[in-house]
Amino acid sequence: MGAQNEKMLEKLAKQTAIYGISTIVVRFLNYLLTPYYTRIFTQGEYGVITDIYALIPFALVILSMGMESSYFRFTTRAEEEGGDVAMGKRKVFATTWGITSLAATLFFGLVWLLDGSISQAMGEAYVAHPEYVVIVAAIVMVDVWSIIPFSRLREQGKAMRFVLLKAMSVLLNVGLAIGFGVVGLYDTTFGIGWVLIANLAASLLTFLALLPTTNRTLPRIDDVLLRKIFVYSLPLLISGIAGTANEFIDRQMIKYLTPGDEAMADLGIYGAIVKIAVVMTLFTQMYRLAAEPFFLSSFKKEDFKEANAATMKYFVMASMVIFLGIVLFRDVFALIVGRDFREGIDILPVVLASNVLAGIWFNLSFWYKREEKTKYAAYITFLGLAVTLGLSFLLVPKMGYRGAAWVRLIAEAAMVVWSYTLCRKHYPIPYDLKRIGEYFAAAAVVYCASEYAFVGLSPKLHMTFNALLFIAAIAYAVWREKIDIKGLTKAVIGKFIR
C-alpha cells in the first residue's frame with residue numbers, strides 16, 4: 001500500500017476513533033433508558049415503545065430522500081469544478097436542507113390532519129392515544145430539519161462539535177425521561193406519551209443549537225441543482241426505504257404475525273435484546289460517520305479500491321472482536337434489561353451476526369455511490385426486503401421473535417452475497433478474502449469453544465475461560481495486523497486535546 005493511502009487510512013482510523021469514543025459515550029447515556037424502561041414498563045408497554053422507535057427511522061429515511069449522501073457527493077463536485085467553491089457548497093447545503101425541511105413539514109401537517117385514521121391502522125394501543133402519533137410526527141419533522149446541518153459538520157470535519165451537539169440531545173432526552181418517571185408522570189393516563197415528549201423537547205432544543213452552525217444560510221431550493229441531485233439521490237431513496245424497511249420490518253412482522261395476544265409482549269422482548277447489541281450497532285454507526293464523507297471525497301480510482309479493500313479487512317477484524325466480547329459475556333449483558341425480558345437472550349448471537357453483515361454490506365456500497373450508479377442500491381435492498389417478507393410469513397408465526405431474528409440474518413447474508421457479486425462484476429476491488437475468512441473462522445472457533453468445551457464448569461470458571469478466549473482473540477488480531485496500539489491511542493488523545 002502506498003504511503004499516501006496509508007496516511008489517508010490513518011486519518012480515517014483517527015476520525016472513526018473520535019466519532020467512536022464520543023458516540024459510545026453518548027449512546028451509552030441514551031441506552032441507560034433501556035434498563036430503566038424495561039424495569040418500569042410491562043413487556044406490552046415496552047413493545048409499544050419498540051414499535052414507535054422502529055417506525056421513526058423508516059420515516060426519517062423517506063423524508064431525508066438520500067440527501068445525506070447527495071450532500072457529500074455534490075460538495076465534492078463543487079470542489080472538482082472549481083470556481084467559487086464556497087458558493088457552490090453553500091448552494092448544495094441550502095438546496096438539500098430546503099427540500100428535506102419542506103418534506104418534513106408537509107409530513108407533519110398530513111399526520112396531524114389524519115391522526116385518527118393512522119391510529120386506527122397502527123392498532124389498539126394507539127386508538128386510545130392518537131396524540132402519540134402526532135408527537136412522533138413532530139419528532140420526525142424536527143429530526144429531519146437537523147439532518148443536513150449535521151451532515152455539514154461532518155463534511156467540514158468538525159467531529160467534536162457534531163458529537164457535542166449529539167451529546168446534548170441525548171443528555172436532555174435521558175434527563176427528561178428519567179425526571180418524568182421520578183415525578184410519577186408515567187403512572188398517569190398519558191403513560192408512555194411522556195417518553196415521546198422528552199424526545200421531542202430534546203430534538204427541538206438540539207435543532208435550535210444547530211442553527212448557529214449554518215453560517216446564516218437559509219434553506220432555499222435551487223431548481224436546476226435539485227434536479228441533478230434527485231437523479232443521484234432517487235435510487236438511494238428507493239434503496240433507503242427498502243433497506244430501512246428490511247432492517248425494521250422484523251418488528252412489524254412480530255406485531256402482526258405472532259399468533260394470540262402476545263404480539264406486543266414478544267415485540268418488547270425482541271426490542272430489548274436488540275438493544276443489548278448496541279455495541280455492534282455503535283461501531284457500525286461510528287464507522288459510517290467517518291467513512292461516508294471519506295470515501296465519497298476526491299479519490300483516484302485505484303487509490304479508492306486499495307483503501308476500500310483495506311478498510312473492509314479491518315472492519316471485519318474489529319467486528320469479530322466486538323461480536324466475541326458480547327456473546328462470550330452475554331449473561332452479563334443480559335443484566336442491562338429487566339428480568340422479564342431476559343428469556344430472549346438466546347437470539348443475541350444471531351442479532352449480532354446480522355449487524356456484522358449489515359456493516360459489510362455498507363462497506364460494499366461505496367463503489368456504486370462513488371461511481372454514481374446508485375441504482376444498484378435499489379436492486380440489493382429490494383432483494384433483502386423480498387427475503388425478509390417471504391421468510392417472515394414462514395418463520396414468525398411458528399417461531400415468534402426467534403424466527404424474526406433468523407429471517408433478518410438470512411436477508412443480510414443474501415444482500416452481502418449479491419452486493420459482492422455485483423462489485424466483482426462491475427468494479428472489482430481486491431478484498432483480502434483469505435484474511436477476512438480467517439477472522440470469521442477464528443471467531444467461530446472461539447465461540448464454539450465457549451459454547452461446547454468445558455460445559456460442566458462452574459459459572460465463575462466458565463467466565464474466566466471466556467475471558468482468556470477473548471484476550472487471546474484480541475492478541476491474535478493485533479499480532480496479525482501488526483497494529484500499533486500505543487501510537488493510535490496517542491494520536492486519538494492528541495486529537496481530543498488539541
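The values are calculated or read from the model by the stated rules, or taken from the named source; none is laboratory data. Keep in mind that this is a model prediction, so the values were computed, not measured. Cβ placement follows ideal geometry from the backbone for every residue including glycine, while neighbour counts extend to all protein chains displayed.
Brief remarks on what is shown
Yes/no per residue for (1) β-branched (Val, Ile, Thr); (2) out of contact with any Phe, Trp or Tyr (no Cβ under 9 Å at 6 or more places or on another chain):
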{"residue": "Ile192", "(1), (2)": "yes, no"}
{"residue": "Ala202", "(1), (2)": "no, yes"}
{"residue": "Thr214", "(1), (2)": "yes, no"}
{"residue": "Leu225", "(1), (2)": "no, no"}
{"residue": "Phe248", "(1), (2)": "no, no"}
{"residue": "Tyr256", "(1), (2)": "no, yes"}
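- Checked against (1) in a helix (DSSP H, G or I); (2) free of Cβ contacts under 8 Å to residues at least 60 places away in the same chain; (3) surrounded by fewer than 16 Cβ atoms within 10 Å (Cβ to Cβ), Ala104 meets all criteria but (3).
- Only a single criterion out of (1) under 26 Å from Phe362 (Cβ atoms); (2) touching a Lys or Arg at 6+ places or on another chain (Cβ under 8 Å) is not satisfied by Val231, namely (2).
- You will find that of Leu385, Leu409, Leu389, Leu422, the residue that is farther than 30 Å from Glu343 by Cα, within 24 Å of the chain's Cα centre (by Cα), in the same structural domain as Val350 (by TED's automatic domain parsing) and part of a helix (DSSP H, G or I) is Leu422 and no other.
- Single condition Ser203 does not satisfy, out of (1) in contact (Cβ under 8 Å) with a residue 60 or more places away in the chain; (2) out of contact with any Asp or Glu (no Cβ under 9 Å at 6 or more places or on another chain); (3) buried (at least 19 other Cβ atoms within 10 Å of the Cβ): (2)
- All positions within the range 383-411 that are under 13 Å from Ile249 (Cβ atoms) and not small (Gly, Ala, Ser): Leu385, Val387, Thr388, Leu389, Leu391, Phe393, Val396, Val407, Arg408
- Condition check for Ser419: more than 25 Å from Lys301 (Cβ to Cβ), modelled with pLDDT of 85 or more, out of contact with any Gly (no Cβ under 6 Å at 6 or more places or on another chain) and polar (S, T, N, Q): no
- Where helices (runs of 4 or more DSSP H) sit wholly within the range 119-224, those with at least 1 residues that are of a type in the set (Lys, Arg) occupy 131-155, 159-182.
- Residues that are in contact (Cβ under 8 Å) with a residue 12 or more places away in the chain and either touching a Lys or Arg at 6+ places or on another chain (Cβ under 9 Å) or β-branched (Val, Ile, Thr) (or both) occur at least once in the range 446-453.
- Test for Leu55: is it more than 29 Å from Lys313 (Cβ to Cβ), at pLDDT 60 or above and either assigned by TED's automatic domain parsing to the domain that holds Ala291 or in a loop (DSSP other than H, G, I, E, B) (or both): no
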